[in-house]
1. Check every one of the strands (runs of 3 or more DSSP E) wholly within region 1-80 and list those with 3 or more residues that are within 16 Å of residue 163 (Cβ to Cβ) and at pLDDT 85 or above.
2. Residue check, residue 155 against (1) closer than 23 Å to residue 19 by Cα; (2) under 13 Å from the mean Cα position of the chain (by Cα); (3) touching a residue at least 40 places away in the same chain (Cβ under 8 Å), all met but one. Which one?
3. Can you tell me which residue in region 56-70 is farthest from residue 137 (Cα to Cα), limited to those that are touching a strand residue (DSSP E or B) at 6+ places or on another chain (Cβ under 7 Å) and surrounded by 15 or more Cβ atoms within 10 Å (Cβ to Cβ)?
4. For region 152-172, what are the residues that are in contact with a strand residue (DSSP E or B) (Cβ under 9 Å, 6 or more places away or on another chain), part of a loop (DSSP other than H, G, I, E, B) and modelled with pLDDT of 95 or more?
5. Would you be able to say whether some residue in region 92-99 is touching a residue at least 40 places away in the same chain (Cβ under 8 Å) and over 15 Å from residue 46 (Cα atoms)?
6. Starting from region 115-137, take each residue that is touching a residue at least 60 places away in the same chain (Cβ under 8 Å) and on the phi > 0 side of the Ramachandran plot and list its partners that are crowded, with 16+ Cβ neighbours inside 10 Å and part of a strand (DSSP E or B), counting only C-beta distances under 6 angstrom and pairs at least six apart or across chains.
């Protein structure tokens, strides 16, 4: 269900995506859930959502990400965006708001780790699976799989590129 591809693109391209991130005009979102304004508190024993910085990519910019899109190998990409989470001591042992990128089975999500970090991605299914960001790694999973990011405790920041696309082959679906 969760597929991990390490060193999926050449180091020169990995560095180009990091350089691109360092030049972005970031937009603050008060939640890590895309495109939703959160008014209620997102602080519990397990959740501490302080928001994130993001930058959606526009279709005219997609060509710069063709090597990743080709690895993603889907019918069409619905969206691509950069996300940045910063170090936050209050988040120790917690994750951000769990969510699904899409509810329907025919979508697949991807997270490309732009740099190494200790801000894990947490997947909730029959068991909890944690993936620690490693530069050059692409994680692909069903968009309806419940997941959450977490803020780094040691690294300064966690930067990812997030994809959502329609699947070519609709044979994987999230459980739980």
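The values are calculated or read from the model by the stated rules, or taken from the named source; none is laboratory data. All values reported here derive from a predicted model rather than from experimental measurement. We place every Cβ from the backbone using ideal geometry, glycine too, and count neighbours over all the protein chains shown.
1. Numbers: elements: 3-5, 27-29, 52-56.
Correct list: 3-5, 52-56.
2. Failed condition: (2).
3. Going through region 56-70, the residues touching a strand residue (DSSP E or B) at 6+ places or on another chain (Cβ under 7 Å) turn out to be 56-57, 62, 65, 68-69.
Narrowing further to those that are surrounded by 15 or more Cβ atoms within 10 Å (Cβ to Cβ): 57, 65, 68-69.
Values: 57: 20, 65: 14, 68: 10, 69: 14 Å.
Only one residue tops the list, namely 57.
4. 152, 156, listed by residue number.
5. The initial filter retains those residues of region 92-99 that are touching a residue at least 40 places away in the same chain (Cβ under 8 Å), namely 92, 94-99.
With over 15 Å from residue 46 (Cα atoms) added as a condition, the list becomes none.
No, region 92-99 has no match at all.
6. none
Yes/no matrix, rows are residues, columns are (1) farther than 21 Å from residue 18 by Cβ; (2) buried (at least 17 other Cβ atoms within 10 Å of the Cβ); (3) touching a helix residue (DSSP H, G or I) at 6+ places or on another chain (Cβ under 7 Å):
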{"position": "78", "(1), (2), (3)": "yes, no, no"}
{"position": "85", "(1), (2), (3)": "no, yes, no"}
{"position": "89", "(1), (2), (3)": "yes, no, no"}
{"position": "92", "(1), (2), (3)": "yes, no, no"}
{"position": "105", "(1), (2), (3)": "yes, no, no"}
{"position": "108", "(1), (2), (3)": "yes, yes, no"}
